[in-house]
Amino acid sequence: MPRWSERDRSIFNEREIHMSRPTTALTLAATIPTTLSVSIAAAHGEGDIGLLLDGGRIVTAVANDETGAFDDIGERVFAGEIDFVSNVGDGPGFFTTDGATLPAGFSAFDAGTTISYQTNGAIQSWNGSGFEATGNQLRQILIPNVVEILSPTDGSTVDGFAYTYNGGDFDEHPDYAMADASTAGIFLWKIQFTALDASGSLIASSDEAWVVFNFGLSEDEHEAALEFAEGAIPTPMTLAPLAGLGLAATRRRRG
């Protein structure tokens with residue numbers, strides 16, 4: 001039985017749960033390449049994954065779910081923590097709003113929109129200089145051992161949870177845990193978001209985003225893995241096949 005902290009399970013009953021259904025989301029073929037680097041100035045995202053609607057595109061950003069502020073618009077690398085003792089973490093969550101903090105130039109999602117994510121491929125494990133295959137899987141949890149989704153073990157896609165946006169602040173936090181909680185590590189999770197209107201038609205989809213989860217290793221190791229991900233992720237505009245650049249991306253230290 002997976003380890004789980006003593007928490008008030010009543011929070012799960014307050015969530016409006018909509019299990020995912022197949023969507024027409026595009027699945028991008030991009031992976032973390034070992035020989036590609038890009039010019040990327042954004043620091044890794046330390047907050048929720050903000051979701052902003054720009055026509056037929058969902059743009060990710062760093063969101064503060066307490067203030068509603070969006071920073072680092074276009075950020076695609078986000079930090080997450082899963083506690084090694086309890087094997088549970090609840091961030092990053094997913095945030096959007098139709099309120100005053102919505103950045104200029106973006107539209108609010110209509111009430112009734114279904115916002116969902118999918119996992120693109122197996123998670124990868126940090127080996128100190130890059131990411132490699134692992135047999136471990138990421139658990140995404142609404143109700144422990146009852147409503148859970150596992151990341152795939154191959155290059156397939158797996159639908160995550162889908163949520164109905166009802167206007168106002170949208171702030172959803174699935175819990176995260178490792179399927180094999182016996183060994184500490186840092187793990188890379190690749191996801192993509194879609195939005196469907198009330199009829200089930202595709203409104204918008206995002207580029208892929210990456211979450212780098214720390215599961216019991218040092219902050220320095222987590223920072224190094226985040227830096228590597230920032231430098232290795234291909235952007236839609238620029239792909240520079242430059243080998244041996246190392247950890248050259250800019251970053252923001254944790255306060």
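Computed from the coordinates by the stated procedures, all read-outs in this text should not be read as laboratory data. What you are looking at is a predicted structure, and each value in this text was computed from that prediction instead of being measured. Positions of Cβ are generated from backbone atoms using ideal geometry, with glycine treated the same way; all protein chains shown enter the neighbour counts.
With an 8 Å cut-off on Cα pairs and a minimum separation of 6 or more residues, tell me the relative contact order of the range 73-183 in percent.
Values: 193 pairs, mean separation 41.3, N = 111.
RCO, the range 73-183: 37 percent.
Most exposed first by the Cβ proxy, i.e. fewest other Cβ within 10 Å, how do Trp189, Trp126 rank? Walk me through the intermediate numbers first.
On the way: Trp189 21, Trp126 24.
Fewest-to-most Cβ neighbours within 10 Å comes out as Trp189, Trp126.
Please list 3J(HN,Hα) in residue order for the range 210-219, calculated via the Karplus relation 6.51 cos²θ - 1.76 cosθ + 1.60 where θ = phi - 60°; whole Hz, with x for glycine and proline.
So the J values, rounded to whole Hz, are 10, 10, 9, 8, 9, 10, x, 9, 6, 5.
The range 143-164 to the range 81-110: how many Å between their Cα centroids?
The range 143-164 and the range 81-110 have Cα centres spaced 18 Å from each other.
Asp220 to Asp169: FRET efficiency via 1/(1 + (r/R0)^6), r the Cβ-Cβ distance, R0 25 Å, to the nearest 0.05? Let's see the in-between values first.
On the way: r = 34 Å, r/R0 = 1.37.
That gives a FRET efficiency of 0.15.
Using each residue's phi in the range 71-82, evaluate 6.51 cos²θ - 1.76 cosθ + 1.60 at θ = phi - 60° and report the 3J(HN,Hα) Karplus result to the nearest Hz, with x for Gly and Pro.
The phi angles translate into 10, 6, 4, x, 4, 10, 10, 10, 9, x, 10, 10 Hz.
Can you tell me which of 115-124, 200-209 comes out highest on packing, and rank the rest after it, using the mean Cβ neighbours within 10 Å?
By packing density, highest mean first, the sequence is 115-124, 200-209.
Going by Cα centres, the range 191-233 and the range 119-133 are how many Å apart?
Cα centroid of the range 191-233 versus Cα centroid of the range 119-133: 13 Å apart.
Summarise the long-distance tail of P(r) for the range 86-156 by giving the % of C-alpha pairs beyond 17 Å. Write out the running numbers ahead of the final one.
Numbers: 1579 of 2485 pairs.
Here the tail beyond 17 Å accounts for 64 percent of pairs.
If we count other beta carbons within 10 Å of each Cβ, what is the order of Asp175, Asp154, Asp98, Asp169, fewest first? Provide the component values of the computation, followed by the final result.
On the way: Asp175 22, Asp154 7, Asp98 17, Asp169 14.
Fewest to most other Cβ atoms nearby, the residues stand as Asp154, Asp169, Asp98, Asp175.
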